[in-house]
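Taking it in order: structure first as structure tokens, then the write-up.
The values are calculated or read from the model by the stated rules, or taken from the named source; none is laboratory data. Just so we're clear, the structure is a prediction, and the values are computed from it rather than from any experiment. In this analysis, Cβ positions are derived from the backbone assuming ideal geometry, glycine residues included, and neighbour counts consider all displayed protein chains.
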Amino acid sequence: MRNSQLVEALKLNTDILKTFISSIPEDAMMNRRKDFWTIYEHLVHLVETQALLHHRIELFINEESPVMTPYNPEGAPESDEKKTAGELLEEFSNWRNKQVELIETCDDSTWDKMGEHPEYDSYSFETLVRHILLHDGYHMYRMEELWLLKDKFIKPLP
């Protein structure tokens, strides 16, 4: 996969997320299904992780061998204030635009750069960009399950 394809996919995820969230009834956003995060909590998590991901992009750009700090959320994400889904989507979009602008400044030497992450055997800039894309997809998939699946079919993810 070419680097430009990963960047285009990151851009598309913003629109995919906006369109997807706008199709979910507001009452479904806060619906607690079993012991799982709500759709709203997944959305909050996506927004809350964007600053961390942006920082990791900066580390790769500014350091020769960047070392990542693992991110391990405890329980469901908490927000100091309740933001609307629209506000969260706007925040996500703003972060993603900043990330894409930064990524688009990177040359091949940055894309080829290796870093260290204690949870991974190998961690490159390309891995990070792909991870951002897949992280979006993971949470969007889970939100769709929580919205559409019948209770008896919802299972914890491994």
For region 107-124, does any single residue satisfy the condition of being out of contact with any Phe, Trp or Tyr (no Cβ under 7 Å at 6 or more places or on another chain), among the β-branched types (Val, Ile, Thr) and modelled with pLDDT of 95 or more? no
Within region 22-36, residues at pLDDT below 90 and in a helix (DSSP H, G or I) come out as 26, 27
**Request:** Evaluate region 8-21: report whether one residue or more is crowded, with 18+ Cβ neighbours inside 10 Å, in contact with a helix residue (DSSP H, G or I) (Cβ under 9 Å, 6 or more places away or on another chain) and assigned to a loop (DSSP other than H, G, I, E, B).
**Result:** no
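Looking only at region 99-115, count how many residues are under 13 Å from residue 56 (Cβ atoms) and under 18 Å from the mean Cα position of the chain (by Cα).
Looking only at that region, the number is 3.
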Being under 17 Å from the mean Cα position of the chain (by Cα), more than 22 Å from residue 17 (Cα to Cα), touching a residue at least 40 places away in the same chain (Cβ under 8 Å) and outside any helix (DSSP H, G or I) narrows 70, 118 down to just 70
Do the conditions hold for residue 88, that is, is it at pLDDT 95 or above and touching a Pro at 6+ places or on another chain (Cβ under 7 Å)?
no
In region 96-115, anything without any contact (Cβ under 8 Å) to a residue 24 or more places away in the chain and of a type in the set (Gly, Ala, Ser) is listed as 109
Look at residue 44 and say whether it is in contact with a Pro (Cβ under 7 Å, 6 or more places away or on another chain) and among the aliphatic types (A, V, I, L, M). yes
For residue 62, the lone unmet condition from (1) at pLDDT 95 or above; (2) surrounded by 13 or more Cβ atoms within 10 Å (Cβ to Cβ); (3) closer than 15 Å to residue 103 by Cβ; (4) not hydrophobic (A, V, I, L, M, F, W, C) is (2)
If you go through 21, 39, 16, 57, the only one that is farther than 30 Å from residue 146 by Cα and hydrophobic (A, V, I, L, M, F, W, C) is 57
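Could you please let me know if residue 41 is acidic (Asp, Glu), more than 16 Å from residue 142 (Cα to Cα) and out of contact with any Cys (no Cβ under 6 Å at 6 or more places or on another chain)?
no
Across region 121-135, which residue is farthest from the chain's Cα centre (by Cα) among those that are more than 18 Å from residue 4 (Cβ to Cβ) and touching a residue at least 12 places away in the same chain (Cβ under 8 Å)?
First, pick out the residues of region 121-135 that are more than 18 Å from residue 4 (Cβ to Cβ): 121-123, 135.
If we keep only those that are touching a residue at least 12 places away in the same chain (Cβ under 8 Å) too, we end up with 123, 135.
Numbers: 123: 17, 135: 4 Å.
This residue is 123.
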